[in-house]
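Have a look at the structure below, then the notes.
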Amino acid sequence: MTTTYKLGKKINFSFFIFHFSLLLMFTSVVSADFTRDDNTKIVTDNETGLQWQDNETTERSWQDAIEYCEALTLGSYDDWRLPNTNELDSIVDDTKYNPSMSPVFQTSAYDYYWSSTTNAGRLINPVMVMYRKGAWLVDFGHGGRFSYMDYMNRTNYNVRCVRGE
């Protein structure tokens, strides 16, 4: 046990480390409330009620990703859609790396996933007044969120469809 004195006060670091570890452990257990149906290959977030596709990893352009999700029939459900950034963020697990998501997901790329959320665009050239629109991506290698301008139909990224709410 390490004890330090600072400004005449005794500080027990073991006490803080123990309680901080308990807090981290409790947070991880609470945030990992997912179940997977191996027959349908659907992961259910028991906290939000959202259901996630977990049968394959596919890469598509943004528009193709939207169309892919809308055409998907999985587990006798046909109301799948491309998730927004908040929904994708809800399955990020910051305590994990490559992938930064719960191990209950069995098909995962350690890379960017498209969201349905677009940004308003940004001024590229103030002289010519050009704006480029982009879509937000979530990186399941690290758990970050990124926006790529004007790549929505030129670059393929991963797709994970969602249903619910």
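A short reminder: the numbers here are calculations on the coordinates, not readings from a lab. Since this is a predicted model, take the numbers as computed values, not measurements. Neighbour counts are summed over all protein chains in view; Cβ atoms, including those assigned to glycine, are modelled from backbone coordinates with ideal geometry.
Counted residue by residue at 0.36 nm each, then reduced by the alpha carbon distance between them, the extension gain from Gln63 to Thr40 reaches 5.7 nm. Between Asn84 and Arg145, the contour length at 0.36 nm per residue exceeds the Cα-Cα span by 20.8 nm. How much net charge surrounds Ser116 when only the other residues with a Cβ under 10 Å from the Cβ of Ser116 are counted, with Lys and Arg +1 and Asp and Glu -1? That works out to 0.
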